[in-house]
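Colleague: I have a structure I would like to understand better, so I am pasting it below and will then ask my questions one at a time.
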Amino acid sequence: MKGIKDSCANAGAVSLSILIPVFNVESYLSELLDTLLPDLPALTEVIFYDDFSSDNSLAVIRQYQQSYPDINIRVLCGQKNLGITRVRQCLLKASYAEYIWFIDSDDRVERQAVEQIRAILNQHHPDVVLFDYDVFVDGTGKVKHHEHLSITPTNTLLHQRSGELYRLAIMDGKHYFWNKVFRRTLVTDMCHFTIPAYEDIANTPTVLNQCQTYFYYPQILVHYRIWPDSIVQKMSLKQAYGIEAYLTQANYADSVVGDKKCCAYLLYKAHLYYLRLCRKLTKMDLSDEERAAILLLAKQLYARKSLSTCATVSLLIHTGMWSKAAKLMLKSSLARLSDK
């Protein structure tokens with residue numbers, strides 16, 4: 001298309017790269033780009049990776065690229081579908097900026113979000129900026145809940161001394177990429193883009209543990225969309241990789257962080273995730289072949305756990321998580337009864 005460029009001559013001067021994986025989100029892209037692109041601050045670029053979409057996602061991006069010729073927009077196009085993890089890796093490799101922000105292409109952002117983030121980066125230069133978000137249901141506009149981080153004080157540069165960000169990501173479940181802006185080198189050094197799905201759980205807490213400084217901005221900047229065909233909602237082989245993600249972090253919590261409570265909690269999550277997945281499989285409208293394949297992969301990944309259910313219950317009790325120990329015992333007993 002005339003007037004469109006997919007590279008920027010002054011890319012080396014860019015200090016923030018906004019990285020957006022795209023796959024079959026034609027109906028959602030305009031909502032995101034109508035608030036993201038206008039008034040985008042200088043020295044900021046947006047890099048898209050279209051993961052071989054079968055809809056008109058790429059055409060939508062091209063239209064916006066033509067409408068905003070003065071904005072640094074780059075578009076990478078896959079020749080086959082790679083999946084979200086490898087796409088994020090490709091986007092990361094394409095950036096040379098000091099900071100990166102992964103945004104999901106089906107979500108919405110506040111119009112002044114980038115400007116507010118840039119002001120924090122310019123003034124404080126933290127390793128990571130964290131901010132709040134809310135969750136809404138697609139098609140209804142109904143907000144399910146607002147997520148505020150348990151970090152104090154706010155709006156100031158903080159120094160991490162005892163792994164508090166790692167514990168926040170694990171114990172509070174705040175392990176997402178998209179409500180954090182990271183110093184790029186930390187992500188490139190610490191992320192392993194090998195897991196096909198649930199890469200946030202497998203990687204984000206690890207990166208957070210390496211951050212020496214951080215800044216919490218207590219404002220909702222991202223609106224996370226729940227929709228039926230997302231990886232998290234749609235039953236497929238990718239669902240099983242949630243088990244691997246939790247087990248990967250449990251090993252890191254034990255061997256690197258040395259946090260027994262986080263390790264116990266992650267093993268607890270892996271056990272429950274496996275039990276719930278097995279139960280959901282019995283209720284889903286799947287072919288026998290699909291159900292068998294997902295169950296086989298889930299069992300293979302679950303077999304990699306370092307502790308049995310009983311040993312995990314013991315560790316939960318030892319680290320003071322009595323209610324979770326009781327819940328795991330109950331769910332495990334119910335699963336054994338249903339198998340008989």
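Colleague: Can you pull out the residues in region 69-109 that are open to solvent by 40 Å² or more (accessible area, probe 1.4 Å) and among the hydroxyl-bearing types (Ser, Thr, Tyr)?
Modeller: Result: 96, single match.
Colleague: Anything in region 1-42 that is surrounded by fewer than 18 Cβ atoms within 10 Å (Cβ to Cβ), modelled with pLDDT under 95 and closer than 19 Å to residue 120 by Cα? List them, or say none.
Modeller: Hits for region 1-42 are 13, 39, 41, 42.
Colleague: Is it fair to say residue 332 is more than 29 Å from residue 190 (Cα to Cα), touching a Ser or Thr at 6+ places or on another chain (Cβ under 7 Å) and not aliphatic (A, V, I, L, M)? Quick ask: steps written out before the conclusion?
Modeller: Values: more than 29 Å from residue 190 (Cα to Cα): yes; touching a Ser or Thr at 6+ places or on another chain (Cβ under 7 Å): yes; not aliphatic (A, V, I, L, M): yes.
Yes, satisfied.
Colleague: When you look at residue 324, is it in contact with a helix residue (DSSP H, G or I) (Cβ under 6 Å, 6 or more places away or on another chain), open to solvent by 30 Å² or more (accessible area, probe 1.4 Å), over 19 Å from residue 240 (Cβ atoms) and of a type in the set (Lys, Arg), yes or no?
Modeller: Numbers: in contact with a helix residue (DSSP H, G or I) (Cβ under 6 Å, 6 or more places away or on another chain): yes; open to solvent by 30 Å² or more (accessible area, probe 1.4 Å): yes; over 19 Å from residue 240 (Cβ atoms): yes; of a type in the set (Lys, Arg): yes.
The answer is yes for residue 324.
Colleague: Let me ask you something else. Could you check region 65-154 for strands (runs of 3 or more DSSP E) lying wholly inside it with 2 or more residues that are over 18 Å from the mean Cα position of the chain (by Cα) and under 27 Å from residue 216 (Cβ atoms)?
Modeller: Numbers: elements: 72-77, 99-102, 128-137, 143-147.
Answer list for region 65-154: 143-147.
Colleague: Further, regarding this structure: When only residues in region 156-174 that are assigned to a helix (DSSP H, G or I) and touching a residue at least 60 places away in the same chain (Cβ under 8 Å) count, which is surrounded by the fewest Cβ atoms within 10 Å (Cβ to Cβ)? If you could, list the steps in order and put the result at the bottom.
Modeller: Step one: filter region 156-174 for residues assigned to a helix (DSSP H, G or I), giving 164-171.
So of that shortlist, the ones also touching a residue at least 60 places away in the same chain (Cβ under 8 Å) come out as 166-167, 170-171.
Values: 166: 26, 167: 20, 170: 28, 171: 15.
Among residues in region 156-174 that are assigned to a helix (DSSP H, G or I) and touching a residue at least 60 places away in the same chain (Cβ under 8 Å), the one surrounded by the fewest Cβ atoms within 10 Å (Cβ to Cβ) is 171.
Colleague: Any idea which residue in region 277-294 is most open to solvent (accessible area, probe 1.4 Å), counting only those that are farther than 18 Å from residue 245 by Cβ, touching a helix residue (DSSP H, G or I) at 6+ places or on another chain (Cβ under 8 Å) and not in a loop (DSSP other than H, G, I, E, B)?
Modeller: Out of the qualifying residues, it is 279.
Colleague: Could you please give the count of residues in region 295-316 that are more than 27 Å from residue 197 (Cβ to Cβ) and open to solvent by 60 Å² or more (accessible area, probe 1.4 Å)?
Modeller: Of the residues in region 295-316, 2 are more than 27 Å from residue 197 (Cβ to Cβ) and open to solvent by 60 Å² or more (accessible area, probe 1.4 Å).
Colleague: Tell me, please, whether a residue that is among the hydroxyl-bearing types (Ser, Thr, Tyr), open to solvent by less than 10 Å² (accessible area, probe 1.4 Å) and farther than 30 Å from residue 281 by Cβ can be found in region 144-154. Before you say what the answer is, go through the steps one by one.
Modeller: Applying the first criterion (among the hydroxyl-bearing types (Ser, Thr, Tyr)) to region 144-154 yields 150, 152, 154.
When the remaining residues are screened for being open to solvent by less than 10 Å² (accessible area, probe 1.4 Å), the result is none.
Checked against the condition, which is being among the hydroxyl-bearing types (Ser, Thr, Tyr), open to solvent by less than 10 Å² (accessible area, probe 1.4 Å) and farther than 30 Å from residue 281 by Cβ, region 144-154 yields no hits at all.
Colleague: Here are some conditions: (1) closer than 20 Å to residue 180 by Cβ; (2) of a type outside the set (A, V, I, L, M, F, W, C); (3) at pLDDT below 95. Residue 210 meets all but one. Which one does it not meet?
Modeller: (3)
Colleague: Follow-up question, since we're still on this one. Identify the residue in region 246-276 that is of a type outside the set (Gly, Ala, Ser) and surrounded by fewer than 15 Cβ atoms within 10 Å (Cβ to Cβ) and, among all such residues, is farthest from residue 171 (Cα to Cα). Working first, answer last.
Modeller: At the first step, the residues of region 246-276 found to be of a type outside the set (Gly, Ala, Ser) are 246-249, 251-252, 254, 256-257, 259-263, 265-269, 271-276.
Within this subset, residues satisfying the condition of being surrounded by fewer than 15 Cβ atoms within 10 Å (Cβ to Cβ) are 256, 260, 276.
Numbers: 256: 17, 260: 12, 276: 20 Å.
Top of the filtered list is 276.
The values are calculated or read from the model by the stated rules, or taken from the named source; none is laboratory data. What you see is a predicted model, and the numbers here were worked out from it, not measured in a lab. Counting neighbours? That spans all protein chains shown, and the Cβs are built from the backbone with ideal geometry, glycine included. Just the protein is used for accessible areas: all its heavy atoms, side chains included, with ligands, DNA and RNA removed. Shrake-Rupley method; radii C 1.70, N 1.55, O 1.52, S 1.80 Å.
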